[in-house]
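Novice: Below is the structure I would like to discuss, written out as structure tokens.
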Amino acid sequence: MPLLKVDAITCGYGDVEVLSDVSAEVNAGEIVSVIGPNGAGKSTLMKAVFGLLHPWKGAISFKDQDISRLEPYDIVKLRMCYVPQVANVFTDLTVEDNLEMGAFVLSDGDMAERKERVFELFPRLKERRRQDAGKMSGGERQMVAMGSALMLDPELLLLDEPSAGLAPKMVEVIFDRIVRVNEEGIAVLMVEQNAKQSLYMAHRGYVLANGQNRFEGGGRELLNDPEVGRLYLGG
Amino acid sequence: MTDAADIAETSRAATDWRELRPAERLKAALQTRTAMVAAVILVLLGLWLAAEVQDVARSRLLSLAVWGVMLGGVIGLGAIGLTLIYGVLKFPNFSHGALVTLGAYIAFAVVTVWPGQSPALGPFSFGWDLIVGMIIAMPLVGLAALGLDRVVYRRLRIQKSSLVLFAMASLAMAFLLRSLIYLAWGSDFHFYYQGRANPSFTLIGVQVQADQIFILVLAFTLVGLIYLLLGRTKMGKAMRATANNPELAQVRGINTERVIAWTWIMSGALAAAGGVMYGLASQLRPEMGFWLLLPMFAAVIMGTIGNPRGALVGAIIIGVAQQVSTAFLNPAYGPAVAFVLMVLTLLLRPQGLFGGGS
Amino acid sequence: MMDAATIVKALLVAIPLSVAGVALLRIRWVLRLPLGIAAGVAAAFVLAAWLESGGLAYLVSFATMGGIYAILALGLNTQWGYGGHLNFGIAGFFAIGAFTTALFTTAEPTGTLAQYTQQAFGLEMPFLVGIAAGAVVAGIVALLIAVPVLRLRMDFLAIATIGIAEIIRLIFQNERWLANGPQPLRGIPQPGRCILEEQCGPHWLTVFLEPLTPRDYTYLYLIVITVFVVAVYLLAERAVRSPWGRMLRATRDEESSTAMSGKNVPWVRIQSFVFGAVIMGIAGGLYAHYTVTIDYSHFRPLFATFMVWVMLMLGGSGNNAGAVLGAFIVWAVWSGTAFMVGALEPVLGAISEDLPSRASYLRWLFVALLLAGIVLFRPQGIMPEEKVVSRHAFAPGEGPGEGGAQHQG
């Protein structure tokens, strides 16, 4: 039984339809990667899953519960966390405060413990815990964003283009952390521009184009598929 | 963000700001924080000079400056509430002045019904009745502000209304509150204490009244408390977070409606405190809050919207500028001075003294 | 039977009523003109016969102020409805129009009067020159403000315009030398009043108006107002349907979706702001000649600004007819509250003996609730913004489906 099931959803913004009849699944403990050209609707899919958009048709369920009509703050309580692509940290707050906000819905009980775990994953953040998040570099901000999302110990982590705008060294670090996080049992649904890398890390992948499913399969499988390679991986 | 980052942000295509044409370089340089601080200092110096030219006594200027700091404290109390609402809810609350007035008048009601004459405390001109009045007024106005939100602004949020409708609604609420105040207390001027002595003494060569010291200390204390609240408590951080990035706050699971409710309560309470202080320092008029509205907005904008510390800093600058200008300008033009500073900010650096690059 | 005075009054009132009739009848022009006039004349005589002269005079003053507000609303509609400028400083341009007109048309005080009244100058110019001066000065001030201020984000513009209106009022209040400072400026001449007082003007007119007394001047002034309302309305409509108007609306919709920091404001948008201010200045001038005496307290920023915004929001912004309609409806509501409050006085007195004297603030309360209601339940107003179709619709590049990139998620 899949952890997350997106069942033939159609949705968009205002009058404009972006996704048509799109389906996807994430099983517990998997990394699932969604790739495709610009404008294919990848970000829209993420937003729909997290409740920032509601599907016009179709349904989304998480842990066997229908979440199609739920708002983000309800979905967070079900232990699904989202890292947006841009504006993903509170720039006026310190790193530490950002992490605390990630665990806002919890009582303060084990806040210190949770912070320690995040710092273990991102030691650089520990050094800068009292720095304003707005003053950090892009890569460090991405770490803060991911760390905040991890504070709730989610079962599913949604990542919207985690490598966007980062230097290659940073991209490596981030991807490495994603794998480590997954090894601890957290499922990951990831939308990425960096198609090759993300498929390489993923257990399974989906290729979206023009708001519709095009391909799906195992990560390495898609990576080696000649047609996928020609169309979307730059040959 | 640093000045270099500011300059880099404002220059469009050039990768190196040295590649910009002189005119563009000047424009970019003008929009840095340093430039703005320099501009503010220049304006204040200019005011000082204007007063000197008119042969105003040095000691008078100094006392005006001190009064200006005190006025800044009063403006600041209102401005902090205003900036929080502006930051969290993203619209200018034109009814904030009315909340200030309401607080002053509620305390006045308490003072009026107080049995007997409350004797003056220590060197001050007020007694326990005013303190109690303020303590009663603060939560009442906070709840009133919350009530208005529940009835009006929240519906607009649910309907995802545009900024204009929020502004209109706050204008309507301003009128509503003012009408109620006029109906309850009439249009006459009042004093908290009619004809009571207001002892003053000399401090470092400047004439100050004990009341003014109290106002200053209270303003800074309240601001300090708010500072702690916003910096150390979970709800306070959630308020700052929501003001900084409301969408992300939702994503992180922060209950933004609860944050908004607390923001209104705090905003109203601070406005009430400001009103009582202002009423004590001058007099109670139904339009007193509106008179402060422009300086409050100026302080909020100068100090960066959503930033409470900035609001206080802005308020003190405005207060000093307004008071010093009375040396050579008709005091009625106080709001005009605030306005000029506000427009300067908006033209040079709309994100204020503490904001990041545009 | 009606006496001579009443008949004359009915005929005078028939003019604005006919205009209203023609405006409201939405039928083909061939029929519209005669039917409208007929309806207007009939209504005028019915009203004149039915109401006592006091009632008719009240209607006339109601219509006069309604017309002045209608012009203000038309000005605001140009700025906001078509230009997208959130102007909260209407009262400022209104005041400038009024005071400028006053200064241009009154005489410099001399003799003992000079001890009580001060003004910067008094040119004793004719009425139309005064109105024009008021309009021009309002336009100049708008131009001076527009260049720095219009580039601001919408909410900042609102705050800035409140500030400007407040400063303008402060100047008129405190600068004694300018327009008598806090004291009222009196003796503003009324155009055509001499026809009733001294029988100046063409003979046929004097004979026609013979039954009236100088106190009935308001009937004549209503005709002046009607002319101006019609003229401003037609001008505004013309402007909106012209290529200039289309360009204005195009830039307005563009501006609302892009951040405005630092970009130069398109010249057309400045023009719309100035144009609206000019109209407001005209309204101010008309107001001054109507009330004969003005002072700063007539132009309290929040009140005048507030009322006109309620009018525009109720009538429907982006719609000139809506602006006029909203003005008259809200003015009727405001006037109606006076009666309502009068009727409530005994109730108020029972609650507290102070209340009846403060009853006028109950009227503000009512209008505030009205605005809140509009904002919550019908923000688009009675007449929503019309999609103006130009004569050149479907020209290359303008038809539906032309241009515009496909939006992808």
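The values are calculated or read from the model by the stated rules, or taken from the named source; none is laboratory data. Remember, it's a predicted structure, so these values are computed and weren't measured experimentally. Ideal geometry is used to build each Cβ from the backbone, glycine not excepted, and the neighbour counts take in all protein chains shown. Side chains are part of the model used for accessible areas, which takes the heavy atoms of the whole protein and leaves out ligands, DNA and RNA. Shrake-Rupley method; radii C 1.70, N 1.55, O 1.52, S 1.80 Å.
Results for (1) under 30 Å from residue B:61 (Cα atoms); (2) open to solvent by 50 Å² or more (accessible area, probe 1.4 Å); (3) among the polar types (S, T, N, Q), shown as yes or no for each residue.
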{"site": "B:154", "(1), (2), (3)": "no, yes, no"}
{"site": "B:160", "(1), (2), (3)": "no, yes, no"}
{"site": "B:167", "(1), (2), (3)": "no, no, no"}
{"site": "B:202", "(1), (2), (3)": "yes, yes, yes"}
{"site": "B:208", "(1), (2), (3)": "yes, no, no"}
{"site": "B:222", "(1), (2), (3)": "yes, no, no"}
{"site": "B:225", "(1), (2), (3)": "no, yes, no"}
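Novice: Still on this structure, I have one more. Look at the stretch A:36-82 and say how many of its residues are more than 14 Å from chain C (Cβ to nearest Cβ), open to solvent by less than 10 Å² (accessible area, probe 1.4 Å) and in contact with an Asp or Glu (Cβ under 6 Å, 6 or more places away or on another chain).
Specialist: 1
Novice: Further question on the same structure: For residue A:159, all conditions in the list (1) part of a helix (DSSP H, G or I); (2) open to solvent by less than 20 Å² (accessible area, probe 1.4 Å); (3) of a type outside the set (Ser, Thr, Tyr) hold save one; what is the number of the exception?
Specialist: Status for residue A:159: all satisfied but (1).
Novice: Touching a Lys or Arg at 6+ places or on another chain (Cβ under 8 Å), free of Cβ contacts under 8 Å to residues at least 12 places away in the same chain and closer than 30 Å to residue B:228 by Cβ: is that true of residue A:104 in this structure?
Specialist: Answer is yes for this residue.
Novice: Conditions: (1) of a type in the set (S, T, N, Q); (2) buried (at least 19 other Cβ atoms within 10 Å of the Cβ); (3) not in a helix (DSSP H, G or I). Residue A:198 meets all but one. Number of the miss?
Specialist: (3)
Novice: Tell me which residues, restricted to the stretch A:89-120, are more than 13 Å from chain B (Cβ to nearest Cβ) and surrounded by fewer than 18 Cβ atoms within 10 Å (Cβ to Cβ).
Specialist: A:110, A:112, A:113, A:116, A:117, A:120
Novice: Only one of these conditions is not met by residue B:190: (1) over 25 Å from residue B:77 (Cα atoms); (2) more than 14 Å from chain A (Cβ to nearest Cβ); (3) surrounded by fewer than 18 Cβ atoms within 10 Å (Cβ to Cβ); (4) not aromatic (Phe, Trp, Tyr). Which number is it?
Specialist: So residue B:190 meets the others, but not (1).
Novice: Can you tell me which residues in the stretch A:120-145 are under 20 Å from residue B:234 (Cα atoms) and of a type in the set (A, V, I, L, M, F, W, C)?
Specialist: A:133, A:144, A:145, listed by residue number.
Novice: Could you check the stretch C:204-219 and list, in sequence order, the residues that are in a helix (DSSP H, G or I) and either in contact with a Lys or Arg (Cβ under 9 Å, 6 or more places away or on another chain) or surrounded by 13 or more Cβ atoms within 10 Å (Cβ to Cβ) (or both)?
Specialist: C:205, C:206, C:208, C:214, C:216, C:217, C:218, C:219
Novice: For the stretch A:1-35, give me the residue count where each residue is open to solvent by 10 Å² or more (accessible area, probe 1.4 Å) and either more than 14 Å from every other protein chain (Cβ to nearest Cβ) or assigned to a helix (DSSP H, G or I) (or both).
Specialist: 14
Novice: If you don't mind, there's one more thing I want to ask. Looking at A:208, A:222, which is the one that is aliphatic (A, V, I, L, M), within 29 Å of residue A:17 (Cα to Cα) and in a helix (DSSP H, G or I)?
Specialist: On inspection, the qualifying residue turns out to be A:222.
Novice: On the given criteria, is residue B:40 open to solvent by less than 70 Å² (accessible area, probe 1.4 Å), in contact with a Gly (Cβ under 7 Å, 6 or more places away or on another chain), modelled with pLDDT of 80 or more and hydrophobic (A, V, I, L, M, F, W, C)?
Specialist: Judged against the criteria, residue B:40 is not a match.
Novice: Here is a check on your reading of the model: is residue A:85 within 14 Å of chain C (Cβ to nearest Cβ), touching a residue at least 12 places away in the same chain (Cβ under 8 Å) and closer than 28 Å to residue B:355 by Cα?
Specialist: yes
Novice: If I go through the stretch C:319-359 residue by residue, how many of them are in a loop (DSSP other than H, G, I, E, B), modelled with pLDDT under 85 and surrounded by 14 or more Cβ atoms within 10 Å (Cβ to Cβ)?
Specialist: Residues that pass the stated criteria total 1.
Novice: A further question follows. Being under 26 Å from residue C:171 (Cβ atoms) and modelled with pLDDT of 90 or more is true for just one of B:336, B:272. Which residue is that?
Specialist: B:336
Novice: Any residue in the stretch B:91-108 that is over 13 Å from residue B:144 (Cα atoms) and within 14 Å of chain C (Cβ to nearest Cβ) sitting within a Cβ distance under 7 Å of a residue that is assigned to a loop (DSSP other than H, G, I, E, B) and modelled with pLDDT of 95 or more? List the pairs, counting only those 6 or more apart or interchain.
Specialist: Filtered contacts from the stretch B:91-108: no entries.
Novice: Tell me the residue from C:270, C:279 that is open to solvent by less than 40 Å² (accessible area, probe 1.4 Å), in a helix (DSSP H, G or I), touching a Ser or Thr at 6+ places or on another chain (Cβ under 8 Å) and closer than 23 Å to residue C:150 by Cα, please.
Specialist: C:279
Novice: Taking the stretch C:153-203 as the search range and keeping residues that are in a loop (DSSP other than H, G, I, E, B) and open to solvent by less than 10 Å² (accessible area, probe 1.4 Å), which one is farthest from the other protein chains (Cβ to nearest Cβ)?
Specialist: Of everything passing the filter in the stretch C:153-203, C:188 is farthest from the other protein chains (Cβ to nearest Cβ).
Novice: Among the residues of the stretch A:144-156, which ones are open to solvent by 10 Å² or more (accessible area, probe 1.4 Å) and in a helix (DSSP H, G or I)?
Specialist: Selection gives A:150 alone.
Each row is one residue, and each column tells you yes or no for (1) free of Cβ contacts under 8 Å to residues at least 24 places away in the same chain; (2) hydrophobic (A, V, I, L, M, F, W, C); (3) farther than 15 Å from residue B:302 by Cα.
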{"site": "B:39", "(1), (2), (3)": "no, yes, no"}
{"site": "B:49", "(1), (2), (3)": "yes, yes, yes"}
{"site": "B:55", "(1), (2), (3)": "yes, no, yes"}
{"site": "B:66", "(1), (2), (3)": "no, yes, yes"}
{"site": "B:78", "(1), (2), (3)": "no, no, no"}
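Novice: Please go through the stretch B:160-171 and pick out each residue that is touching a residue at least 12 places away in the same chain (Cβ under 8 Å) and either facing chain C (nearest Cβ under 9 Å) or closer than 28 Å to residue C:354 by Cβ (or both).
Specialist: B:163, B:166, B:167, B:169, B:171
Novice: Also, I was wondering about something else. Taking the stated definitions as given, is residue B:157 away from chain C (no Cβ under 14 Å) and either assigned to a loop (DSSP other than H, G, I, E, B) or within 24 Å of residue C:372 (Cα to Cα) (or both)?
Specialist: no
Novice: Being buried (at least 24 other Cβ atoms within 10 Å of the Cβ), away from chain B (no Cβ under 14 Å), more than 15 Å from the chain's Cα centre (by Cα) and among the small types (Gly, Ala, Ser) is the filter here, so list the residues in the stretch C:49-100 that pass it.
Specialist: none
Novice: What helices (runs of 4 or more DSSP H) lie completely within the stretch B:281-358 and have 1 or more residues being within 14 Å of chain C (Cβ to nearest Cβ) and surrounded by fewer than 21 Cβ atoms within 10 Å (Cβ to Cβ)?
Specialist: Passing ranges, in order: B:288-302, B:334-348.
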